Amino acid sequence: MDSSDPLQRGLRWLALFCAGFPVIAGIISCIGWSALGWSEPPLAPGTALGLATLGAAVAALLLAPGSRMTSFAACLAAVILLTWSAVRLTSLTDALPAYAKVSPLTALSFALASCAVLLLAGHSPIRSRINDLIAGSLGIIVLGIALGFSLNLYSRPPLRRNHPETAGSSDRGGGAPVFTRSPVPALSFDLLGLALCLTAALRDVMERRGSRRRIFAQRAATQVLVESATLAEAGPLLLAAVCENLRWHFGTVWMRREDTRVLRCLATWRAPELGATAAELETLCRQLPLDKGCDLPGIVWSSGQPEWLADAAAAGANDKTKFPRAEAFARAGLRRACAVPILHEKKTLGVVEILHQETRPPDAELLDTLRAVTSQLALFITRKQFEESLSRERNLLRAVIDNLPDHIYLKDTAGHYVVDNAAHTRFLGQTSADNVIGKTVFDFFAPELAESFTEDDQLVLSSNRAIINREEPISGADGSKGWVATSKLPFHDNEGNIIGLVCVSRDISAQKRAEIELHDAQLQLIQAEKMESLGRLAAGIAHEVKNPLAMIQMSADYLADVLASAGGASGDTAAEGANGNSGGADGVGNKNNSGNSGIDSAAMEVVNGIRESVLRADTIIREMLDFAGPKPLNLQPTDLNALIASSLLLVRHELEGGEVKLSDQFAADLPRVALDKNKIKQVFINLFTNAVHAMHGGGTLSVRTSAGELSAADAAVREEGSRSNSRCRAGDHVVQVCIEDTGTGIPPDKLANAFDPFFTTKATGKGTGLGLTVTKKIIEMHGGEIRLANRPEGGLRVTLIFRAWTPAPAAAAEKSLASASLPVAERTLPT
Amino acid sequence: MSKKRVLIVDDQSGFTRIIKLTLEKTGLYEVLEKNTSAGVVVAAGEYDPDLILLDVIMPGSDGGDVVGLLKENPRTRDIPVIFLTATVRKQEIDEGGGIIGGYPFLPKPVSAKELLVSVEKHIRQRPG
């Protein structure tokens, strides 16, 4: 029984005094009254014995509350007295020895007091406030009886003389009064009754106070656990809450880790009054790992049960190995120790240990309180472990989805983003997912696109079926166009209700571009193969066609000669008519000159028609052959300006005949270009001729040259309506030739076919449709580029781009040119 | 003045026929047609032409083989030969001045004028 409260301490001393008085009176009555010079004992022997026994029992209960030994002794004494009283009260007085004979009232008082002692000394589990109440009541009754006699004693004259034989005796005549005029017996009973009352009251107060403290301790522990974020934070606070409320002086929390087989001290707490030695103990605890079965926490870990050491210091004195902290406990003045396991699903997670400076037997209610606290602590630990695990898992998942290049996001059924990964956040042009959460597609995309996405969402939600890898065009936050492949799946809760959508979207722009490029490349390949096939076919049939052509030409020439002869014309006419370059004109001439016969004239016209057709067929074959077969180049560093000038000279007749003005603008110091002069000359003649043919009734042919680095824009340009075959790259030093006419241009829908064989916009018979095809092939052979585009003001612009020739170190240059040159038997294209 | 003799060798009989007509119509030439490459050397030896117009691509021996045989035979080695072929283009012939590999070439189709000019240019002039 703690007695820190001064009032309690005073009451306790008073109670001890009250209990002590009958003991002393009893002892004096039995053995010391004659030595004191008294004529007779103050109490009869039976009364003295009973009072002394009861007083000692109550004093023992006051001095050592909770002690099993004390309780046992008090109970034993009370039972004996009760039995004795029962025997007296049941009129079996004769069975008792003379010295044990007491009056019935005294026996009744003994019985009541004995019952009170039994109730007060009862073992903890059956103790209660009711016990204390009844014990107190019994004490009051005893007190009342004694007071009644006391008053009776003093308010009435003595009934008999007070002589030694009768004084303080109990019953000698049956029904005689218990107490004589001597005040000692009544006073002894008064004080015994008071002692019982005080003891019961103190018990009750202490019980109630202990109960309150336990409740406070539990509440405080709960509060700590609710407010703490981690076990490390909660540990010391929890110990403080428990120890301060329960008035214990030292506490530790021990935890075991899954990866180690020891307990480690997680937290300690010490009462301020403990001093420096307790600080040493704290240090020792923190440094000392405890194996299973070692020291009190280890014992609790091993048994899984609460343990109580009435004197931990003494317990460890004999076995320092098992109790390594015993000396430290002793130095800190700590005696009583109690440890309770932190159990979760029958598994010991750790141990809570508290120590007190006073030794005391086990307190079941305290242990219950500690059990409740450790249960809460176990829940706290497991909850924190679960939260940590959940948090780790969540962080891992978050890291995974944020590190994936795919867009991953969740929407609720109303289309609001509820989860958004980093890739999708970036795609939406946002820096944080917080800027996306709660918004919809309408906040980020154009209305048409957003509508389309929403329709998909609704389809998935209504049909409960996923959309997998739907390819859709999309505009990025920076305005860039692209493609994504999106999968949308219905998102269900545990009951199977659709609560939203899980969407995974992959940027397939690069893949799409590659597909388009591949498609283009395939088309080009097909085109190239077509060309090659055509070339091989041309080469194959050329020989077979040329033989009959030769036959036809010779026959036509012969007939023309015959007809001319018949018409009186000279044989030279026929011969001239065979001249391919002017066959048509000669035919007409023949007609004019041979006007003797209408039939001959018509026949001559027909023959000339045949000869023209042969020439035309031969031209087609020749141009087709230009396609076929290998055409290695004879590359030489060439001045393009000079080459263009000489090409223009060759077409001067066409320019003049077509009333075409020439506007040239040649760049000075134009870098040379590695070219096969003859082939490039053929290109220019083709292009100039085409330009003249496109300008019916005259126009202007502009030719410009320039040099510089090819810009990225120029390198990448695929002008609307233009067709080019990019070979030069941005940054290349290039020479460009721009040829513009003021003619009809090429219909935009036909631009794409301009380089196809047999494509022509010229009148029937005017062009073979092979000129541009051959031109492009020659340019490509030079690693150059040709672009066609209609000029906004009318006419066509042809741009030729060549890499400027860079003089290499002599040997390399020679090798380079030599490798590009042809052997002697080079086949060249016609000019 | 006796007519010069021309041997025309081509597997197309129609073509040799029209060449014959064209050349003979000038009154300057007498033409023997031969439509296979086999026996050309024998025919040349017998006919002793002043010029041979020789196709290149023919069944059996081609024009090149035939020239080789002609050059091996002392009686025919000096007879001028003009290749008349569809295998070489006019441009290629023009670039070589009408001569390829030391032999004059005429491309098919060829005009009567070009034929006559070439024949006149290359026909053997016999002494006396």
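Within segment A:227-267, how many residues turn out to be assigned to a helix (DSSP H, G or I) and open to solvent by 70 Å² or more (accessible area, probe 1.4 Å)?
Qualifying residue count, segment A:227-267: 4.
If only one of A:251, A:173, A:168 is touching a helix residue (DSSP H, G or I) at 6+ places or on another chain (Cβ under 9 Å) and modelled with pLDDT under 85, which one is it?
After ruling out the rest, the residue left standing is A:168.
When segment A:461-500 is examined, which residues are found to be in contact with a Pro (Cβ under 7 Å, 6 or more places away or on another chain), open to solvent by 70 Å² or more (accessible area, probe 1.4 Å) and not in a strand (DSSP E or B)?
Selection gives A:464 alone.
Quick check on my filter: what residues within segment B:104-128 are open to solvent by 60 Å² or more (accessible area, probe 1.4 Å) and either under 30 Å from residue A:620 (Cβ atoms) or assigned to a loop (DSSP other than H, G, I, E, B) (or both)?
Across segment B:104-128, the qualifying residues are B:113, B:114, B:117, B:121, B:125, B:126, B:127, B:128.
Checking residue A:333 against (1) within 30 Å of residue A:65 (Cα to Cα); (2) in contact with a Pro (Cβ under 9 Å, 6 or more places away or on another chain): exactly one of these is not met. Which one?
(2) is the only condition that residue A:333 fails.
Can you work out which of the residues in segment A:364-388 that are open to solvent by 60 Å² or more (accessible area, probe 1.4 Å) and within 19 Å of residue A:305 (Cβ to Cβ) is modelled with the lowest pLDDT?
Ranking the qualifying residues of segment A:364-388, first place goes to A:365.
Looking at A:441, A:436, A:419, which is the one that is farther than 23 Å from residue A:396 by Cβ, among the hydrophobic types (A, V, I, L, M, F, W, C) and open to solvent by less than 70 Å² (accessible area, probe 1.4 Å)?
On inspection, the qualifying residue turns out to be A:441.
Inside segment B:33-47, can you point out the residues that are open to solvent by less than 60 Å² (accessible area, probe 1.4 Å) and out of contact with any Ser or Thr (no Cβ under 9 Å at 6 or more places or on another chain)?
B:39, B:43, B:47
If you check every pair at least six apart or on different chains, which have Cβ atoms under 7 Å apart with a residue in segment A:390-402 that is closer than 17 Å to residue A:427 by Cα first and a residue that is in a helix (DSSP H, G or I) and not charged (D, E, K, R) second?
Short answer, once both residue conditions are applied: A:402/A:422.
Do we find that residue A:655 is part of a loop (DSSP other than H, G, I, E, B) and either open to solvent by less than 30 Å² (accessible area, probe 1.4 Å) or touching a residue at least 24 places away in the same chain (Cβ under 8 Å) (or both) in this structure?
So residue A:655 fails the test.
What is the number of the single condition among (1) of a type in the set (S, T, N, Q); (2) farther than 17 Å from residue A:139 by Cβ; (3) modelled with pLDDT of 85 or more that residue A:39 does not meet?
Of the numbered conditions (1) of a type in the set (S, T, N, Q); (2) farther than 17 Å from residue A:139 by Cβ; (3) modelled with pLDDT of 85 or more, the odd one out for residue A:39 is (3).
Do any strands (runs of 3 or more DSSP E) entirely within segment B:1-94 hold 1 or more residues that are under 17 Å from residue B:108 (Cβ atoms), among the charged types (D, E, K, R) and within 14 Å of chain A (Cβ to nearest Cβ), and if so, which?
B:29-34
Report, by residue number, each residue of segment B:107-118 that is in contact (Cβ under 8 Å) with a residue 40 or more places away in the chain and either touching an Asp or Glu at 6+ places or on another chain (Cβ under 6 Å) or more than 9 Å from chain A (Cβ to nearest Cβ) (or both).
Matches in segment B:107-118: B:112 only.
Within segment A:52-66, can one find any residue that is touching a Leu at 6+ places or on another chain (Cβ under 8 Å) and open to solvent by 30 Å² or more (accessible area, probe 1.4 Å)?
Yes: segment A:52-66 contains one or more residues that are touching a Leu at 6+ places or on another chain (Cβ under 8 Å) and open to solvent by 30 Å² or more (accessible area, probe 1.4 Å).
Out of all the residues in segment B:1-14, which are open to solvent by less than 40 Å² (accessible area, probe 1.4 Å) and in contact (Cβ under 8 Å) with a residue 12 or more places away in the chain?
Answer for segment B:1-14, where residues must be open to solvent by less than 40 Å² (accessible area, probe 1.4 Å) and in contact (Cβ under 8 Å) with a residue 12 or more places away in the chain: B:4, B:6, B:7, B:8, B:9, B:10.
The values are calculated or read from the model by the stated rules, or taken from the named source; none is laboratory data. Because the structure is a prediction, the values reported are computed rather than measured. All Cβ positions, glycine included, derive from the backbone under ideal geometry; neighbour counts span all protein chains shown. These area figures cover heavy atoms from the full protein model, side chains too; ligands, DNA and RNA do not enter into them. Shrake-Rupley method; radii C 1.70, N 1.55, O 1.52, S 1.80 Å.
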